[in-house]
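Please treat every number below as a calculation from the coordinates, not as lab data. Since we're looking at a predicted model, the values are computed, not measured. Here the Cβ is made from the backbone with ideal geometry for all residues, glycine too, and neighbour counts use every protein chain on show.
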Amino acid sequence: MSKSSPCNPRGAGRKIGSGPFGEPTKPVRLPQSLIPVVQEWLGQVQAARTLPDGVQLPDMAAAPASFPLYLEPVRAGFPSPAQGYEAGRIDLNSLIASNPTATYFLKAEGDSMVDAGIDAGDLLAVDFSREPKAGDIVIARLADGFTVKRLHWVGKRPELHAENAARDYPVIRPGDGEELAIVGVVQWIIKRAT
């Protein structure tokens, strides 16, 4: 007969909350064909936990919140008469975090991406499940920390480009033995109007 403890009444396995996610676990049955897919996804979730300081993950339990979406766009040029017809509702949670399990948020710092519309203090919604493509704005991990830049490819080698015509930022080209890891693709840039 096994001894039980207050942490784990069955007395077997890890103590509750001692795993890499710091919470109780539950056995789940999967078809064998899905095991590699789930393992890859869990690896991505685990990788997301090694992100820059200040990263915020979305609240998976948050209730959907929808707001009115009007038919007529507001013009940035000459004014036009407003019709005021409601076209439906929009849920910002599902719009911005279309893949909530793979979305995180962080604040931008610095001015290297101002020409891409990213200013210091902007909130970036990043999807770490998307496969980065040339031209994407990405969060990358380098030996000396994290950065947000535009991804380019020269042959099979990645390059990270700043976008600030007023300053001469160097192109980041990892050399032999240097590791460059693309952590996620920026999906949304959220800024305060005032």
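Over the Cα atoms of region 119-189, the radius of gyration divided by the Kirkwood radius equals 0.95; this is the Rg/Rh ratio. Shown here for region 85-131: chymotrypsin sites (Phe, Trp or Tyr not before Pro) in loop regions (DSSP other than H, G, I, E, B) with at most 13 other Cβ atoms within 10 Å, namely TYR85.
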